[in-house]
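Notes follow once the structure below has been shown.
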Amino acid sequence: MKIKNYINREFVNPISNSWLDNYNPAIGEVYGQIPNSSKEDVEKAYQAAAKAFPKWSNFTLEERSKILSKIADLILEKLDFLAEAESKDNGKSISLAKQVDIPRAASNFRFFANAITQFSSESHESVGLNAINFTLRQPIGVVGCISPWNLPLYLFTWKIAPAIAAGNCIVAKPSEVTPMTAHLLGKICNEVGLPKGVLNIVHGLGTTTGQAIVEHPKIKAISFTGGTKTGAHIARVAAPMFKKLSLELGGKNPNIIFADCDYEKMLATTVRSSFANQGQICLCGSRILVEESIYEKFKKDFIQKVADLKVGNPSDSSTDIGALVSKQHLEKVKSYIDIVEQEGGKILSGGLEVTLPNYENGYYFQPTVIEITDNKCRLNQEEIFGPVVTIMSFKTDKDALTLANDVKYGLSGTLWTNNLNRTMQIAKQLQTGIVWVNTWMLRDLRTPFGGAKESGVGREGGFEALRFFTEPKNICIKYE
Ligand code: NAD
């Protein structure tokens with residue numbers, strides 16, 4: 001199966017005719033090829049987008065909204081097909097793809113189809129000066145959207161839907177590790193009649209194709225989700241060109257558990273927040289901090305629950321833990337297991353690669369729980385982004401907060417307590433963009449989404465995303 005670039009509503013070969021292999025992580029084998037796109041392919045996509053922009057930006061909001069809604073409808077119609085494609089490409093369990101990834105991709109389009117019809121801007125009357133100011137929010141033009149492999153269609157569409165809703169045209173690049181559902185989205189856009197050039201998808205490596213998008217002098221805004229190191233590099237490249245940047249980066253999120261919480265609910269959710277999608281969600285609570293008085297009980301119960309998780313082939317609906325996304329990523333996760341002892345940790349459960357009968361070459365790893373005592377250890381400071389969590393105890397609210405904030409990241413935090421005062425004190429002082437209290441990953445698409453510290457710059461979601469994808473212009477009218 002050969003995936004092609006999607007430019008001007010057409011599926012085209014890369015100009016250089018150079019290709020990359022695409023792997024199925026469940027079996028560790030190549031199952032397709034994707035374009036190894038060059039700067040010239042990005043330029044071709046840019047030209048298509050630039051040509052489409054004057055017309056698309058003048059579509060009425062109702063017209064744009066209708067097309068976005070149709071895309072949402074079609075994603076839902078093809079839910080099973082898309083979920084199977086996502087699971088095969090990424091290694092995630094089919095049930096997760098069906099319940100989370102694909103429905104959310106549809107919701108992204110549905111949400112922004114509605115949001116754009118409600119989006120408004122401010123006006124300021126300059127009292128006593130006979131002048132009225134109003135803010136015009138105009139689309140930027142051609143924008144770049146670059147997404148990672150962990151939630152492929154979910155995160156790709158989280159950028160594309162607001163960008164086109166706001167009237168921009170796009171040069172987009174999904175992760176080279178998981179290109180399939182972005183390719184299928186191109187087909188869906190053709191089916192619903194998205195005009196040519198509004199969305200263009202170029203496939204290829206970050207360091208070449210992605211870099212060419214970021215370096216393109218006429219692509220004036222970049223919406224990026226991925227690793228912190230890549231985000232810092234993109235910021236360095238884009239800054240001298242004064243591009244607008246939205247950076248959604250890595251995390252090392254604390255999950256703070258107090259003795260006064262609803263224990264059973266916390267336990268079940270903590271299993272999910274630790275290991276959903278093999279722990280490959282930027283929002284996973286990979287640092288579990290437990291109040292001393294319930295620490296031993298939690299440790300025992302948690303390990304028991306984790307032991308029940310089934311590592312299996314992603315296409316089996318009873319699988320809890322599917323395959324990791326790539327051989328390279330599996331090696332990265334294993335490299336952290338290698339340093340457990342030297343970092344003063346102790347593996348309480350898991351820690352081993354899994355060889356599944358009939359799928360011996362797939363990239364499977366046990367859900368792993370590591371007990372640590374020093375928050376400064378690398379296991380607690382670096383993003384592992386796999387099925388690996390650490391647990392440690394704390395004594396006081398102040399200790400919990402200090403430990404939680406003692407990392408360079410600041411994406412999200414989870415808090416388990418039934419004490420309102422404690423909730424407010426800790427939620428206010430956590431240095432993260434998102435705080436969940438007595439729940440995890442409950443998403444309302446109207447809310448600002450993003451991270452503090454080295455987890456990113458800017459916010460996605462709701463009107464924040466529409467603000468990002470528009471340029472505000474103040475118009476001042478003087479009257480007599
Ligand atoms: P990555 O940074 O390696 O790649 C992300 C995307 O950027 C890919 O499409 C890649 O090809 C591209 N890229 C790489 N180098 C580039 C360059 N020089 N110029 C332009 N583009 C380039 O990240 P990944 O390994 O795909 O994803 C995992 C990371 O993403 C984790 O750190 C995770 O926390 C983060 N993430 C963050 C969020 C969030 O919302 N904050 C969500 C999901 C994932």
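Structure summary
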{"item": "Output for segment 285-327, where each listed residue is among the aliphatic types (A, V, I, L, M) and touching a strand residue (DSSP E or B) at 6+ places or on another chain (Cβ under 6 Å)", "result": "I288, L289, V290, I303, V306, L309, V311, I321, A323, L324"}
{"item": "Verdict on N24 being at negative phi, surrounded by 16 or more Cβ atoms within 10 Å (Cβ to Cβ) and touching a Phe, Trp or Tyr at 6+ places or on another chain (Cβ under 6 Å)", "result": "yes"}
{"item": "Segment 211-252, residues that are of a type in the set (V, I, T) and part of a helix (DSSP H, G or I)", "result": "I213, V214, T228, T230, I234, V237"}
{"item": "Qualifying positions in segment 13-49 - among the hydrophobic types (A, V, I, L, M, F, W, C) and more than 27 Å from the chain's Cα centre (by Cα)", "result": "I15"}
{"item": "Residue ID - surrounded by the fewest Cβ atoms within 10 Å (Cβ to Cβ), chosen from residues in segment 120-156 that are within 14 Å of F469 (Cβ to Cβ) and of a type outside the set (G, A, S)", "result": "Q138"}
{"item": "Residues within segment 319-338 that are within 16 Å of the ligand (Cβ to nearest atom), touching a residue at least 60 places away in the same chain (Cβ under 8 Å) and of a type in the set (A, V, I, L, M, F, W, C), tallied", "result": "3"}
{"item": "Among the candidates T368, T373, T396, residue that is crowded, with 24+ Cβ neighbours inside 10 Å and either farther than 26 Å from G456 by Cβ or touching a helix residue (DSSP H, G or I) at 6+ places or on another chain (Cβ under 6 Å) (or both)", "result": "T368"}
{"item": "Lone unmet requirement of (1) under 25 Å from the mean Cα position of the chain (by Cα); (2) within 24 Å of V177 (Cα to Cα) for L309", "result": "(2)"}
{"item": "Search result, residues across segment 231-259 that are within 10 Å of the ligand (Cβ to nearest atom), farther than 22 Å from F449 by Cα and surrounded by 24 or more Cβ atoms within 10 Å (Cβ to Cβ)", "result": "none"}
{"item": "Selected residue (only one of T208, T228 is over 19 Å from the mean Cα position of the chain (by Cα) and within 15 Å of the ligand (Cβ to nearest atom))", "result": "T208"}
{"item": "Criterion: closer than 25 Å to E454 by Cα and either over 26 Å from the mean Cα position of the chain (by Cα) or within 16 Å of the ligand (Cβ to nearest atom) (or both) - qualifying residue of E383, E360, E341", "result": "E383"}
{"item": "Residue count, segment 27-48 (criterion: out of contact with any helix residue (DSSP H, G or I) (no Cβ under 6 Å at 6 or more places or on another chain) and either surrounded by fewer than 21 Cβ atoms within 10 Å (Cβ to Cβ) or farther than 16 Å from P174 by Cβ (or both))", "result": "15"}
{"item": "Residues (within 25 Å of the chain's Cα centre (by Cα), small (G, A, S) and closer than 14 Å to L61 by Cα) located in segment 100-126", "result": "A113, A115"}
{"item": "Of residues in segment 260-285 being outside any helix (DSSP H, G or I) and away from the ligand (no atom under 15 Å from the Cβ), the one farthest from the chain's Cα centre (by Cα)", "result": "D260"}
{"item": "Some residue of segment 412-423 being within 14 Å of the ligand (Cβ to nearest atom) and surrounded by 23 or more Cβ atoms within 10 Å (Cβ to Cβ)", "result": "yes"}
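For (1) within 27 Å of E353 (Cβ to Cβ); (2) surrounded by 15 or more Cβ atoms within 10 Å (Cβ to Cβ); (3) among the β-branched types (V, I, T), each residue gets a yes or a no:
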site	(1), (2), (3)
K265	no, no, no
N277	yes, yes, no
R287	yes, yes, no
K300	yes, no, no
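We did not get these values from a lab; they are worked out from the coordinates using the rules stated. A quick note: this is a predicted structure, and the numbers were derived from the prediction, not measured. Virtual Cβ from ideal backbone geometry, glycine too; neighbours counted across all protein chains shown.
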